[in-house]
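One structure below.
The values are calculated or read from the model by the stated rules, or taken from the named source; none is laboratory data. Here the structure is a predicted model, which is why all the values come from computation and not from measurement. Positions of Cβ are generated from backbone atoms using ideal geometry, with glycine treated the same way; all protein chains shown enter the neighbour counts. With ligands, DNA and RNA removed, areas are computed over all heavy atoms of the protein, side chains included. Shrake-Rupley method; radii C 1.70, N 1.55, O 1.52, S 1.80 Å.
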Amino acid sequence: MNAKNTDFGTFAQDVMLGLNSTPKTLPSKYFYDAKGDKLFQQIMALPEYYLTRKEYEVLEGQHEQILAEVLALNTPFNLVELGAGDGMKTKILLRYLTDKKADFTYYPVDFSGSVLEELEESLASEFPALKVNPIQDTYRDSLKRQVWEDGKPNLILFLGANLGNFGVKEAKNIIDHLRVGTKKGDQVLLGFDLKKNPQTILDAYHDSEGVTREFNMNLLDRINRELDADFDRDSFTHWPTYDPVSGECRSYLVSQKPQVVTIGALNQSFEFEAYESIFTEISKKYSLSEIEHLAYLGGFSVKANFLDPEVYFADVLWEK
Ligand code: AVI
């Protein structure tokens, strides 16, 4: 595996920067340790969390059209996936490509080493002949390094509404990395959660079983565990919000009282006023016109938008 340094130093530094900011913030990429990965799997199966089911529906129903062009090239290619996760949805594409005897190498990129290990195991048993080259890295750094680049056409997958976990400026920056990290003729398939009834969106991030709450709280547990801190998780409330204008669903952990939290590894204490918040995650929802604008910014042409019948989710195919 091509491993990147995701060590203690980076985590500690990001926590220090985030908690010293005003307002306080913690990066959502640190949700995903072994426990966070399991919680996210549970989230994906929640009745309120429609995103995974809807994207599955799109890929299951329209994979032939989605892959028609890359198959028509009739030449070996690379299938690169940014944020591969458990590969559940990608396996629809892998199965179809394998059935069609396509000659390709699959490069799953993920920040989480444990996720990649599990994925590699499941692929080995379900697709024994598949050429797999896992890369442990961030989206941006992997696009900078392009370890897959060998002159063959690339189809880059960025599914699961993962781009939504970045603010507008950062999302544009990632699209810019996609622009630089692809060559003419490469295709990109991106998943976007679409703007819809605000209540439906809010419910997806405020599930009745409290799994999403636990997912956020795990970040405090992780800081306690890995950075020798004393967050009292019961004195924080999980608080998701949704703004239908910006399409931004934002999650916060709100301190229920004035308190001081000490992080041993940073040798620093952080004061919280009553009801002061830590911003933990953004999950932006897009309109189709906003998505088209992103394609334009990246210098991509829109080949097709693949939607579910309820128009909850879009997988969009762009070409450089
Ligand atoms: C991974 N990502 C697209 C999820 C989302 O919907 O923003 C992460 C998540 N956060 C809370 N629930 C799910």
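Out of all the residues in the stretch 215-223, is one or more out of contact with any Cys (no Cβ under 9 Å at 6 or more places or on another chain) and open to solvent by 20 Å² or more (accessible area, probe 1.4 Å)? Yes, there is a match, as at least one residue in the stretch 215-223 is out of contact with any Cys (no Cβ under 9 Å at 6 or more places or on another chain) and open to solvent by 20 Å² or more (accessible area, probe 1.4 Å).
Just to be sure I understand the filter: pairs with C-beta atoms under 8 Å, separated by 6 or more residues or on different chains, first member in the stretch 28-48 and closer than 18 Å to HIS206 by Cβ and among the aliphatic types (A, V, I, L, M), second member at pLDDT 95 or above and more than 10 Å from the ligand (Cβ to nearest atom). Which pairs pass? If the second residue must be at pLDDT 95 or above and more than 10 Å from the ligand (Cβ to nearest atom), the pairs left are LEU39/GLU214; LEU39/ASN218; LEU46/GLU209. Checking the condition part of a strand (DSSP E or B) and acidic (Asp, Glu), which residue from GLU57, GLU48, GLU69, GLU81 passes? So the residue among GLU57, GLU48, GLU69, GLU81 that is part of a strand (DSSP E or B) and acidic (Asp, Glu) is GLU81.
When each of LEU73, LEU79, LEU59, LEU26 is tested for being open to solvent by less than 60 Å² (accessible area, probe 1.4 Å), more than 18 Å from PRO108 (Cβ to Cβ) and more than 12 Å from the ligand (Cβ to nearest atom), the lone residue that passes is LEU26.
Checked against (1) within 30 Å of LEU93 (Cα to Cα); (2) under 22 Å from the mean Cα position of the chain (by Cα), LEU253 passes all but condition (1).
For the stretch 139-161, which positions are open to solvent by 30 Å² or more (accessible area, probe 1.4 Å), touching a Phe, Trp or Tyr at 6+ places or on another chain (Cβ under 9 Å) and either assigned to a helix (DSSP H, G or I) or under 21 Å from PHE300 (Cβ atoms) (or both)?
Taking the stretch 139-161 as the starting set, the residues that turn out to be open to solvent by 30 Å² or more (accessible area, probe 1.4 Å) are 139-141, 144-147, 149-153.
From what's left, touching a Phe, Trp or Tyr at 6+ places or on another chain (Cβ under 9 Å): 139, 147, 152-153.
Correct list: TYR139, LYS152, PRO153.
Filter the stretch 119-139 down to the residues that are of a type outside the set (S, T, N, Q), farther than 17 Å from TYR96 by Cα and either within 16 Å of the ligand (Cβ to nearest atom) or touching a Ser or Thr at 6+ places or on another chain (Cβ under 7 Å) (or both) and list them by number.
Within the stretch 119-139, the first condition is being of a type outside the set (S, T, N, Q), and the residues that meet it are 119-121, 123-124, 126-132, 134-135, 137, 139.
Pick out the ones that are also farther than 17 Å from TYR96 by Cα and you get 119-121, 134-135, 137, 139.
Those that are of a type outside the set (S, T, N, Q), farther than 17 Å from TYR96 by Cα and either within 16 Å of the ligand (Cβ to nearest atom) or touching a Ser or Thr at 6+ places or on another chain (Cβ under 7 Å) (or both): LEU119, ILE135, TYR139.
Of the set (1) open to solvent by 10 Å² or more (accessible area, probe 1.4 Å); (2) modelled with pLDDT of 95 or more, all apply to GLY85 but (2).
With respect to (1) surrounded by fewer than 15 Cβ atoms within 10 Å (Cβ to Cβ); (2) within 13 Å of the chain's Cα centre (by Cα); (3) among the hydrophobic types (A, V, I, L, M, F, W, C), the lone exception for ALA129 is condition (2).
For the stretch 173-193, the set of residues classified as open to solvent by 10 Å² or more (accessible area, probe 1.4 Å), under 24 Å from VAL58 (Cβ atoms) and within 16 Å of the chain's Cα centre (by Cα) is empty. Give the stretch 141-173 a look and list any residue that's on the phi > 0 side of the Ramachandran plot and more than 14 Å from the ligand (Cβ to nearest atom), or say none. Within the stretch 141-173, GLN146, GLY151 meet the criteria.
In the stretch 215-244, which residues are among the polar types (S, T, N, Q) and free of Cβ contacts under 8 Å to residues at least 40 places away in the same chain? Quick ask: steps written out before the conclusion?
Initially, the stretch 215-244 is screened for residues among the polar types (S, T, N, Q), giving 216, 218, 224, 235, 237, 241.
Within the stretch 215-244, ASN224, SER235, THR237, THR241 meet the criteria.
Just one of the numbered conditions (1) over 20 Å from the mean Cα position of the chain (by Cα); (2) farther than 24 Å from ASN133 by Cβ; (3) not in a helix (DSSP H, G or I) is not true of LEU17: (3).
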